[in-house]
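Report on one structure; see the data block that follows.
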Amino acid sequence: MRRMAMVLFVFLFGLVSTGAEDEPLQGFTPASSATEREWEAKFRALPSPDNQREYMRRLSARPHHVGSAYDKENAEWILSKFKEWGWDAKIETFNVLFPTPKERLLEMVAPTHFTAKLQEPPLAVDPTSNQQSEQLPSYNAYSIDGDVTAPLVFVNYGLPKDYERLDRLGVSVKGAIVIAKYGNSWRGTKPKVAAEHGAIGCLIYSDPADDGYAVDNVFPQGPMRPSEGVQRGSVLDFPSTSPGDPLTPGVGATPEAKRLAIKDAPGLTQIPVLPISYSDAQPLLAALEGPLAPKEWRGGLPITYHVGPGKTKVHLKVNFNWDMKEIYDVIARIPGAQTPDEWVIRGNHHDAWVNGAQDPTSGQAALLEEARALGELLKQGWRPKRTILYCAWDAEEPMLLGSTEWVEEHDQELAQHAVAYINSDLNGRGYLKVEGSHTLERMANGVARDIQDPETQLAVWRRSQLRQIELAKTEDDRKELRQRADLRIEALGSGSDYTAFLDHIGIASLDLTYGGEGDAGIYHSVYDDFYWYTHFADTDFVYGRALSQTAGTAVLRLANADLLPFEFTDLADTIRLYQKQLKKLADDERVESIEQNKEIEEGLFTATDDPRRPQSPPPHADVPPYLNFAPLDNAADALTLSADHYQAALKKAWPAGVPAAAMADLNQKLMGSERRLTTPEGLLRRPWYKHMIYAPGVYSGYGVKTLPGIREAIEEKRWPEAYSEILRVAKVLEGESALIDAAAAELEQAGR
Ligand SMILES: [Zn+2]
């Protein structure tokens, strides 16, 4: 069936360059490729949707946040499953700071009185929504304690540009409590920027325009957020500091670890924060006076959105139990038969904010079916060349604690042994989305060509390609999508457990998920549960099976390849793309600031101002100087040449001419190729982040900043720093080129 589909596919479209099944897989010889394909076919037949449904029923049966009884029970159950399936498995524990709410109060004290409910009610049809005695109340983890009463100001999504708009409207948030909409940024950015502008408290609410009734029917009639649903979540300022336990930055949070005092913990918010539902937000927003909110700020509530402040005053009081909790990472291993010191690592978290059926159980259930399937292969006599580690992380939700502490505790071993890390977090229906290291872009494309989409029976690669062509905005984009051998993968920002692997150690990483069909409005609420998932998401778990097949195939290829499937022409091409983007960013900023100054000088803003709705002109802009990108240009050229050099050498030498001893050395070099993109001193002002190509943005949080040192310096108008970062990135790329050339030379030597 599978073979037929592929042949037809090549015939019809003539686009699949490496999909033909007689061509050896990347990094395999013809013989080892044939064996690999046999084992992969056996593997992909094993994951069962029904099993995933039962894992989800079990794991999401009760609230299982950090420190709860069921979190520990789930970890022990996952451990027992790994053991049952023939894995060598254990639990590693850490002790972390995890605040939970002691007191939450939000009331409007003027012009009228209103007390927010701050409760997500049980729903009769939803059998786990009534487990209130075990549910964590809605809150934002790592908000500081606080008791503030102040005027209220609506700040849209609470991003820096929203405050520029407020300035023009003549509204200050100094001494005020702000109310921001969820969305359009990582939630922790909102209190951070509010505090930078002098606010003393921060409310974050889910507007129905974003994930409520304006999108689709609300739960339980539909998948969207009901009026009293609240998004919990962490607000630890990890992009400026580091993820993980805030008391033990940079080291594993073992019982003996040296700990900071809570008052010295980096990343706690500057002001108290509380997330609320739109039923609690509506009376507050409706009471606001002051300027009309700009058109693009208005949401889906049946009110006229004003910015404030007027006479509206609110009282916000939050206090937390600043407790230490034990967390449980389940770590399971299949030792490698040939090179046990090379580790392929796969992970998904198991903790949730409440019942967490979608986040994280849909991902965890897929991971467990992969583990069961690999156990089956073991029984049939299969052994991986390399060691495979499967990890079920605890405490991802508070701020990637389980994975980060584990990586920090094992940093030396990981730097030496880790080949790659494959992550997932949650799953849904639709299109395969791959984000990750561009050294693995070709490998990920190869995997996607071999997985069948459950709804269309196309290869998931082909379905993604057609979807991207549909969404492409320009003719050039469509042309590239049709002609480029590999679909581009997006870079990783943060927001899941790959962060410490990639950003702190420099381990090539991929994050995999299916989605894009059907909306969801239950994120981090009590309604993300088995009832919701089995009525509105991947209800028959066929995309759960596809995720198992995708991630498991990636693990198998990395674990069994003779020559590790790293590839550098896609990396070099991506660096050139970033280089172009940065030049355009700098040019656009220059053009925009010159234009803005011209408009100020010619009196445009005063001439077009409506005296009944006055706005002040923007401030005079500093015009950016021209930046010298030459060192980056030279380094990107050199990287392209080296990548081509390696490809040519590989083509000539592979597979005949590489003896075993040379292979071992080559693989060591390839394993080090992502590490080479890091520097020991890391990014400026946030040295925990060592990767020079990818980082979460200081003001975008989960959103990635590529070539972050240069990009953020340009965005934040630090021109001398932008140039010194160009030099630093160029040096890192030159190091990468040298490593790739050395690997190419080794291939040439071996092939001689
Ligand atoms: Zn998650």
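The values are calculated or read from the model by the stated rules, or taken from the named source; none is laboratory data. Just so you know, these numbers come straight off a predicted model, no measurement behind them. Note that each Cβ is placed from the backbone with ideal geometry, even for glycine, and that neighbours are counted across all protein chains shown. The accessibility values were calculated without ligands, DNA or RNA, using every heavy atom of the protein model including side chains. Shrake-Rupley method; radii C 1.70, N 1.55, O 1.52, S 1.80 Å.
Under 19 Å Cα to Cα from LYS81, which aspartates and glutamates show up? Leave out anything in the same chain fewer than 8 places away.
Here the aspartates and glutamates satisfying the reach criterion relative to LYS81 are ASP50, GLU54, ASP71, GLU73, GLU92, ASP329, ASP351, GLU369, GLU370, GLU376, ASP394.
Looking at the calculated P(r) for the range 124-206, what percent of the C-alpha pair distances fall above 19 Å?
When all Cα pairs of the range 124-206 are counted, 43 percent exceed 19 Å.
Would you kindly calculate the mean projected area, averaged across all directions, of the convex hull enclosing the Cα atoms of the range 287-336, in square nanometres?
So the mean shadow area of the Cα hull is 9.5 nm².
By the gyration tensor of its Cα atoms, with a ≥ b ≥ c the square roots of the eigenvalues, what is the shape of the range 543-666: rounded for a/c under 1.5, prolate for a/b over b/c, or oblate?
Taking the square roots of the gyration eigenvalues as a ≥ b ≥ c, the range 543-666 is oblate.
Could you tell me the convex hull volume per residue, in Å³, taken over the Cα atoms of the range 249-318?
Here the figure is 174 Å³ per residue.
Starting from the Cα coordinates of the chain, work out the convex hull volume and express it per residue in Å³.
Hull volume normalised by residue count: 155 Å³.
Mind computing the radius of gyration and Dmax over the alpha-carbon atoms of the range 315-367? Å is fine for both.
Taking only Cα atoms of the range 315-367, I get Rg and Dmax of 17.8, 64 Å.
For the range 685-752, just run the numbers: alpha carbon Rg, then divide by 2.2 N^0.38 Å, N being how many residues it has.
Cα-based Rg divided by the globular estimate yields 1.47.
At 1.4 Å probe size, with every protein chain present, just tell me what the per residue accessible area of the range 700-751 comes to in Å².
Accessible surface, normalised per residue, equals 35 Å².
Determine the order of VAL307, VAL215 by accessible area, beginning with the largest, at a probe radius of 1.4 Å.
The most accessible residue leads, giving VAL215, VAL307.
Long-range amide H contacts for ALA89: which residues qualify at under 5 Å (H placed 1.01 Å from N, peptide plane, sequence gap of 5 or more or a different chain)?
Placed amide hydrogens put ARG333 under 5 Å from ALA89.
Give me the tail of P(r) for the range 493-533 as a percent: Cα-Cα pairs with distance above 11 Å.
Within the range 493-533, distances greater than 11 Å cover 74 percent of Cα pairs.
So who's got an amide H within less than 5 Å of the one on LYS311, skipping anything under 5 residues away but keeping other chains? H placed 1.01 Å off N, in plane.
For LYS311, the qualifying residues are GLU289.
Quick one: divide the alpha-carbon radius of gyration of the range 641-735 by 2.2 N^0.38 Å and tell me what you get.
1.40
If each residue of separation counts as 0.36 nm, what is the full-extension length gain between TRP77 and TYR626 once their alpha-carbon separation is subtracted?
191.7 nm
Taking a 18 Å limit on the Cα-Cα distance, which of the listed pairs LYS161/LYS190; LYS42/LYS433; LYS102/LYS325 fall beyond it?
Over 18 Å apart, Cα to Cα: LYS42/LYS433.
For LYS669, give me every one of the lysines with a C-alpha distance below 25 angstrom, ignoring sequence neighbours fewer than eight places off in its own chain.
Within reach: LYS385, LYS651, LYS652, LYS690, LYS731.
Would the range 188-313 count as rounded, prolate or oblate if I go by the C-alpha gyration tensor, calling it rounded below 1.5 in a/c and otherwise prolate when a/b exceeds b/c, oblate otherwise?
Oblate, since a/c reaches 1.5 and b/c is not below a/b.
In Å and on Cα atoms, what radius of gyration and Dmax does the range 346-433 show?
14.5, 41
If you bin every alpha carbon distance in the range 506-570 into 10 Å steps from zero, what whole percent lands in each bin?
Here the calculated profile for the range 506-570 is 15, 36, 26, 18, 5.
I'd like the per residue volume of the convex hull spanned by the Cα atoms of the range 23-160, given in cubic angstrom.
279 Å³
Please list the non-local residues whose amide H lies under 5 Å from the amide H of TRP186, H modeled 1.01 Å from N, same-chain partners needing a gap of 5 or more.
TYR702, GLY703
In percent, what relative contact order does the range 603-752 have, based on Cα pairs under 8 Å that are 6 or more apart in sequence?
This gives 36 percent for the range 603-752.
Starting from the Cα gyration tensor of the range 367-481, multiply each eigenvalue by 5, take the square root, and state the resulting semi-axes largest first in whole Å.
Working from the Cα gyration tensor, I get semi-axes of 31, 20, 15 Å.
With a Cα-only, solvent-free Debye model of the range 295-387, what are the log10 I(q)/I(0) values at q = 0.15, 0.16, 0.19 Å⁻¹?
Evaluating at q = 0.15, 0.16, 0.19 Å⁻¹ gives log10 I(q)/I(0) of -0.84, -0.90, -1.05.
Extent of the range 529-609 along each principal axis, from alpha carbon coordinates, in Å, largest to smallest?
Result for the range 529-609: principal-axis Cα extents of 65, 45, 13 Å.
Calculate log10 I(q)/I(0) of the range 175-217 for q = 0.20, 0.21, 0.30 Å⁻¹, where I(q) comes from the Debye formula with a single equal point scatterer on each Cα and nothing for solvent.
The computed values of log10 I(q)/I(0) come out as -0.62, -0.66, -0.99.
At 1.4 Å probe radius, can you tell me the per residue accessible area of the range 160-261 in Å²?
Solvent-accessible surface per residue comes out at 33 Å².
What percent does the relative contact order of the chain come to when contacts are Cα pairs within less than 8 Å and at least six residues apart?
Relative contact order here is 17 percent.
Quick one: if you stick a label point 7 Å off each Cα along the C-beta vector at LEU684 and ALA660, how many nm between them?
Result: 5.1 nm between the two label points.
Considering only protein heavy atoms and a probe of 1.4 Å, how much of the accessible area of the chain is carbon and sulfur, as a whole percent?
Whole-percent figure for carbon plus sulfur exposure: 53.
Sort all Cα-Cα distances of the range 397-454 into consecutive 5 angstrom bins from zero, then give the percent of pairs in each bin up to the one containing the longest distance.
4, 12, 19, 19, 18, 15, 10, 3, 0
Find the relative contact order for the range 160-219 and round it to a whole percent, using C-alpha pairs within less than 8 Å whose residues are 6+ positions apart.
Over the range 160-219, the number comes to 34 percent.
Taking Rh as the Kirkwood radius, which is the inverse of the mean 1/r over Cα pairs, what is the Rg/Rh value for the range 482-596?
1.07
Within the P(r) computed for the range 67-141, what percentage of the Cα pairs occupies the region above 21 Å?
Percent of Cα pairs beyond 21 Å in the range 67-141: 56.
Dipole of the chain (Lys/Arg Cβ +1, Asp/Glu Cβ -1, origin at the Cα centre): which of TYR523, SER464, ALA265 lies farthest to the positive side?
Of the candidates, SER464 comes out farthest on the positive side.
Excluding ligands and nucleic acids, what accessible area in Å² is computed for LYS598 using a 1.4 Å probe, to the nearest 10?
For LYS598, the solvent-accessible surface is approximately 110 Å².
Okay, helix-only estimate at 222 nm for the chain: each DSSP H run of n ≥ 4 adds -39500 (n - 2.57), divide by all residues, round to 500 deg cm²/dmol; what do you get?
-12500 deg cm²/dmol, from helical runs alone.
If you take every DSSP beta bridge whose two residues both sit in the chain, what share of them, in percent to the nearest 5, is antiparallel?
Among the beta bridges of the chain, antiparallel pairing accounts for roughly 60 percent.
For the range 453-533, what is the accessible area per residue in Å², given a 1.4 Å probe and the full set of protein chains?
36 Å²
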